[in-house]
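Worksheet for the structure shown next.
The values are calculated or read from the model by the stated rules, or taken from the named source; none is laboratory data. The structure presented is a predicted model; accordingly, all values stated were derived computationally and were not measured. No Cβ is skipped: glycine too gets one built from the backbone with ideal geometry, and neighbour counts run over all protein chains shown.
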Amino acid sequence: MPTCHIDHITIVSPSLAAGGELVHELLGVQPQQGGEHPRMGTHNLLLSLGEAMFLEVIAINPASPGPARPRWFELDRLPSDSKPLLACWVARTESIQASLAVASEQLGPPEPMSRGALEWLISIPTDGSLPLGGTAPALIQWQTDKHPAARMQDRGCRLVKLELLHPQPRRLGALIDSLHFAESSSTLLSIVEASAPGLVAYIETPLGLRTIGAPAPSIERARPGRP
């Protein structure tokens, strides 16, 4: 049975500039340029959160032709005047097919993707939606010898906790349990019963502990799978 790890957290934004400004405002550091995703007509900025973890800002690339299918991360539904939002997270697996087979929720089929020389498989619902309102992870299997974060500039930022807010914590907890997260990742995850889905990332920065995300009013805090 493959083991999953937190791979990256994703901020969706109407533009890269707006997303980069949010990261700088909240974390005090500037993300670096990433690249383009030809199949999705998107591009990104990146911030290392360690050797095998990062933060991504993603937006529609106005210079790229639109894809023949809905874009990932619900970007097609994002209003042009909206604020950047921590919308979802991605979990790394050694076998995306095996992890999808045991997942207690439908996370979408694995799709081949690329950015420059990087290639990977990632689960994307055919309608581009975010399962469980973005609290369910997309699954990714990198097809590279070295994790992309190892090539990023280290700005001294580290993820210390990722809160998953959802009205059905037992359902979300069952999904997390079914994906068999490594202890190093499961200790960073916290499920919070809330009135609406949401994410809050707690990140240690050179300026101290900072947060990204807009939590809904919490009802009860819970450990994964044990609300």
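See the values below:
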quantity	calculated
Options Leu164, Leu139, Leu159, Leu132; residue that is modelled with pLDDT of 95 or more, farther than 21 Å from Ser184 by Cβ and not charged (D, E, K, R)	Leu132
Number of the condition not met by Ile212 [criteria: (1) of a type in the set (A, V, I, L, M, F, W, C); (2) more than 29 Å from Gln97 (Cα to Cα); (3) in a loop (DSSP other than H, G, I, E, B)]	(3)
Subset of region 113-130 [under 17 Å from Cys4 (Cα atoms) and either basic (Lys, Arg) or free of Cβ contacts under 8 Å to residues at least 40 places away in the same chain (or both)]	Trp120, Leu121, Ser123
Boolean, Pro215 is surrounded by 16 or more Cβ atoms within 10 Å (Cβ to Cβ) and at pLDDT below 95	no
Check on Gly34, modelled with pLDDT of 95 or more and closer than 20 Å to Arg92 by Cβ	yes
Region 187-212, subset among the polar types (S, T, N, Q) and modelled with pLDDT of 95 or more, residue farthest from the chain's Cα centre (by Cα)	Thr205
Residue count for region 15-38, restricted to those that are part of a loop (DSSP other than H, G, I, E, B), out of contact with any His (no Cβ under 9 Å at 6 or more places or on another chain) and buried (at least 18 other Cβ atoms within 10 Å of the Cβ)	1
Residue check for Ser48: assigned by TED's automatic domain parsing to the domain that holds Pro125 and either at pLDDT below 95 or farther than 25 Å from Lys161 by Cα (or both)	no
Every pair of residues 6+ apart whose Cβ atoms lie under 7 Å, when the first sits in region 44-70 and is closer than 14 Å to Asp154 by Cα and of a type outside the set (Ser, Thr, Tyr) while the second is modelled with pLDDT under 95 and surrounded by fewer than 18 Cβ atoms within 10 Å (Cβ to Cβ)	Glu51/Ala150
Odd one out for Gly116 among (1) at negative phi; (2) modelled with pLDDT under 95	(1)
